[in-house]
Amino acid sequence: MKRNPYTTQQFFNRELSWLEFNARVLEEAQDTSNPLLERLKFLSIVGSNLDEFFMIRVASLHDQVTAKFVKTDPAGLTPQEQLFRISWRTHKQVTDMYNCYNRSLTKSLKKENIHFIRYKDLNKDQLDFIRDYYANNIFPVLTPMTVDRNQPFPLILNKTLNIALLLQDTDNDDSNSIFGTIQVPSVLDRLIEIPTISSQRVFILLEEIIKANLAALFNKFNIKAIGCYRITRNAYLDVAQDEAEDLLTAIQMSLKQRKFGSAIRLEIEQGMNPLLLKFLEEELEISAEANYKVKGPLDLTFLMKLSGLDGYDHLRYNPLKPRAYTTLLNDDEDIFQSITEKDILLHHPYDSFDMVVDLVKKAAEDPNVLAIKQTLYRVSGNSPIIEALAQAADNGKQVTVLVELKARFDEQNNITWAKKLETAGCHVIYGLVGLKAHCKVLLIVRREEGIIRRYVHLGTGNYNDVTAKIYTDLGLLTSNPYIGADASAVFNVLSGCSSPSHLYKLTIAPISLRKKFLDLINKEADIARSGRPARIIAKVNALVDKEIIEALYDASSAGVTIDLIVRGICCLRPKIPLISENITVRSIVGRFLEHSRIYYFYGDGEEAIFLSSADLMKRNLDRRVELLFPVEDPAVREKVINILEVALEDTAKSRVLNFEGTYTKINTKRKGLINSQELLLGSSETHSEEVELSRVKLEPIFSR
């Protein structure tokens, strides 16, 4: 058995690395060079990211501790040790969030005549408006509750905002204090605008209005103390598919359980009465370390709505103008004919997603199209692709759709779509037992002049027309017969009818993708050992898999130059003497969420370029259905290489990971300030075939 030469000092902890990613998102909220309303959006995202992190990742660690699981992770930390370090880092991150909110954002909003007002500061006209609004809109929805011998502690739903009260019975001054609680209704707008005749925009938070009216709601009691609180519950979904006769029903039941999981985080207003806090801790069975005292309004995700305020376009990014896909077609502007003549690369959001939508729509109406097969992982709330697939079935096409029911936090949405597609006459499948279908593939089978031709779209991101405007992703459109045959084989695998005995071009997880990556990395290492030039570039969302990291260490030790562009989690530690000296890791966080996965291997000039739905994580390689597909068309290859070159030159939004695990800005004195996303955005607006780089001289990956 081969001895593992790597120690825990060679790996970063996954959860702490994710928190550093969230800190980079927070930097965008803190960055005064970003438009003000965009900064609000970034801060809202930081908050919602933390919610999901606690509901899933921290919850999982709590479950491990409860089960007395003490095995260490690759970084050498037990679950309990991870929780301790996470608590320290998240407390600091929450402090940084509210410093940004209180010291920077609210002050900047005031300068733009956008104000938050406290109830005590309302003038007479404003009070009249709020009293009327409360009576007609808020009061009918409220449900005050108390806890005593006859009334147990109520179920507090996950992520809801609540107000706790310390009460005393007015009929008995010597009685013990009573706990009261009232939920701030999530069905109402939390941000309420107060009409004004001035140019100012004045807002008050819903909980401020409710607090001011608590005396009338609890008129049998003296109110001794009040304070807002919010809990985060364990929302980890564990569906035993092999024991569930109906996966659809099993998922629906598990979704209900999310509301009632054990509490793992308690957020409270700073200065909450100690008796109130102690009562909450005891009833929720939560430790003091899981308390987060907040100086400001709880749950800053309300800032997302404020960021959409009308009339403030000057406080936002310039509107996105994606390149019309017609510029990618031939003169006849026929989608099928153009794909027949050449492969087409779509780079979203710089290229419009309309081409994918219109391709499905055209296939639905085309009498020559016999069948459409597609995987759906996450789609928009009003998806035009769903409508087109339903229309295709209604038109008599053979339509097969894989809907992944286990797409986290999109389960209910996907259940709804699955039922609609089935009603429309589509064949809906739910994938393989024990595996998430995370691959993105569309197959259109068309009869042309007596022969069958397959058209395939393969992507790095979801078939979601909304997120395609804010996520950077790549899609390849091709009529390559080998890829078409492979796509048909993949759908047969997804329906559970066969195992692929041979694929010509595609590589599929969990069957062979891990081996493919390891072979590609090891081949590059062998080339370097022979003294020939070798280089690896990978652009991914996350790098976690221990075996892949160790292979990259071996390649670095062999002399391979390795550039990693990892947006989020990275467990690889760069610049370890004799191990990872040749590895550079950078992360780009900016206007768009970097979501594309690109893998480049130089191979002594025999460049191999791949796109994939998979990140370098164990779950992607071993527990999901993923696809890796080659980029072979010369023009498309050059475009993909250009994307990598631009990303590697970024100095504005790029942060470089150092040996200690922190990310630092790039010194701009030598190259100046280069924003890769703005460069690519400028290219789409000018409808240029390549990025306009008159201001930037890129260093080519290799002289080709």
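The values are calculated or read from the model by the stated rules, or taken from the named source; none is laboratory data. Keep in mind the model is a prediction, meaning the values are calculated, not measured. Don't worry about glycine lacking a Cβ; one is built from the backbone with ideal geometry, like all the others, and counts go over all protein chains shown. Surface areas here come from the heavy atoms of the whole protein model, side chains and all, with no ligands, DNA or RNA. Shrake-Rupley method; radii C 1.70, N 1.55, O 1.52, S 1.80 Å.
Among the residues of the range 426-452, the ones that are free of Cβ contacts under 8 Å to residues at least 60 places away in the same chain, in contact with a helix residue (DSSP H, G or I) (Cβ under 9 Å, 6 or more places away or on another chain) and either of a type in the set (A, V, I, L, M) or surrounded by fewer than 17 Cβ atoms within 10 Å (Cβ to Cβ) (or both) come to 2 in all. Filter the range 86-118 for residues that are in contact with a Lys or Arg (Cβ under 7 Å, 6 or more places away or on another chain) and in a helix (DSSP H, G or I) and give the result. Those that are in contact with a Lys or Arg (Cβ under 7 Å, 6 or more places away or on another chain) and in a helix (DSSP H, G or I): Tyr98, Asn102, Leu105. Which of the residues spanning the range 268-283 are in contact with a Phe, Trp or Tyr (Cβ under 6 Å, 6 or more places away or on another chain), open to solvent by 20 Å² or more (accessible area, probe 1.4 Å) and under 18 Å from Lys159 (Cβ atoms)? The answer is Glu283, and nothing else.
Any idea how many residues of the range 339-367 are part of a loop (DSSP other than H, G, I, E, B), open to solvent by 60 Å² or more (accessible area, probe 1.4 Å) and without any contact (Cβ under 8 Å) to a residue 40 or more places away in the chain? Count: 1. Of the residues that make up the range 508-525, is at least one among the β-branched types (Val, Ile, Thr) and either in contact with a Ser or Thr (Cβ under 9 Å, 6 or more places away or on another chain) or under 23 Å from Leu435 (Cβ atoms) (or both)? Yes, that holds for at least one residue. Filtered by the rule that a residue be open to solvent by 10 Å² or more (accessible area, probe 1.4 Å) and either among the aliphatic types (A, V, I, L, M) or in contact with a Gly (Cβ under 8 Å, 6 or more places away or on another chain) (or both), the range 552-575 gives Ala558, Ile569, Arg573.
Of the strands (runs of 3 or more DSSP E) lying entirely inside the range 368-466, those containing at least 2 residues that are modelled with pLDDT of 95 or more and not charged (D, E, K, R) are 369-376, 441-448, 451-459. Within the range 118-141, being open to solvent by less than 30 Å² (accessible area, probe 1.4 Å) and at pLDDT below 95 holds for Leu122, Gln126. Among the residues of the range 123-143, not one is part of a loop (DSSP other than H, G, I, E, B), touching a residue at least 40 places away in the same chain (Cβ under 8 Å) and over 36 Å from the mean Cα position of the chain (by Cα).
Selection of the range 284-311 for residues being more than 23 Å from Val147 (Cα to Cα), of a type in the set (S, T, N, Q) and either open to solvent by 20 Å² or more (accessible area, probe 1.4 Å) or part of a strand (DSSP E or B) (or both) yields only Thr301.
Condition check: open to solvent by less than 40 Å² (accessible area, probe 1.4 Å), out of contact with any helix residue (DSSP H, G or I) (no Cβ under 8 Å at 6 or more places or on another chain) and farther than 17 Å from Leu564 by Cβ. Does Pro634 satisfy that? So Pro634 fails the test. All conditions in (1) buried (at least 20 other Cβ atoms within 10 Å of the Cβ); (2) at pLDDT 95 or above hold for Val625, with the sole exception of (2). Counting the residues of the range 551-567 that are among the hydroxyl-bearing types (Ser, Thr, Tyr) and part of a strand (DSSP E or B) gives 1. Here Ile598 passes the criteria (1) open to solvent by 10 Å² or more (accessible area, probe 1.4 Å); (2) at pLDDT 95 or above except the one numbered (1). Each residue in the range 522-550 was checked for being in a helix (DSSP H, G or I), closer than 23 Å to Ser596 by Cα and open to solvent by less than 10 Å² (accessible area, probe 1.4 Å), and 3 of them qualify. Once the range 168-196 is narrowed to residues that are closer than 14 Å to Leu280 by Cα and either in a loop (DSSP other than H, G, I, E, B) or among the aliphatic types (A, V, I, L, M) (or both), the residue that is modelled with the highest pLDDT is Ile182. Among the residues of the range 57-79, is there at least one that is open to solvent by 10 Å² or more (accessible area, probe 1.4 Å), basic (Lys, Arg) and not in a loop (DSSP other than H, G, I, E, B)? Scanning the range 57-79, I find at least one residue that is open to solvent by 10 Å² or more (accessible area, probe 1.4 Å), basic (Lys, Arg) and not in a loop (DSSP other than H, G, I, E, B), so the answer is yes. Residues in the range 579-605 that are of a type outside the set (A, V, I, L, M), part of a loop (DSSP other than H, G, I, E, B) and in contact with a helix residue (DSSP H, G or I) (Cβ under 9 Å, 6 or more places away or on another chain): Ser580, Glu581, Asn582, Gly590, Arg591, Phe592, His595, Ser596, Tyr602, Gly603, Asp604.
Of the residues Ser177, Ser186, Ser199, which single one is farther than 20 Å from Leu309 by Cβ, open to solvent by 60 Å² or more (accessible area, probe 1.4 Å) and small (Gly, Ala, Ser)?
Just one listed residue meets the conditions, Ser186.
Of the residues that sit in the range 471-503 and are aliphatic (A, V, I, L, M) and modelled with pLDDT of 95 or more, which one is surrounded by the most Cβ atoms within 10 Å (Cβ to Cβ)?
Across the range 471-503, the extreme among qualifying residues is Ala487.
Do you know which of the residues in the range 80-108 that are touching a strand residue (DSSP E or B) at 6+ places or on another chain (Cβ under 7 Å) and touching a residue at least 60 places away in the same chain (Cβ under 8 Å) is surrounded by the fewest Cβ atoms within 10 Å (Cβ to Cβ)?
Among residues in the range 80-108 that are touching a strand residue (DSSP E or B) at 6+ places or on another chain (Cβ under 7 Å) and touching a residue at least 60 places away in the same chain (Cβ under 8 Å), the one surrounded by the fewest Cβ atoms within 10 Å (Cβ to Cβ) is His91.
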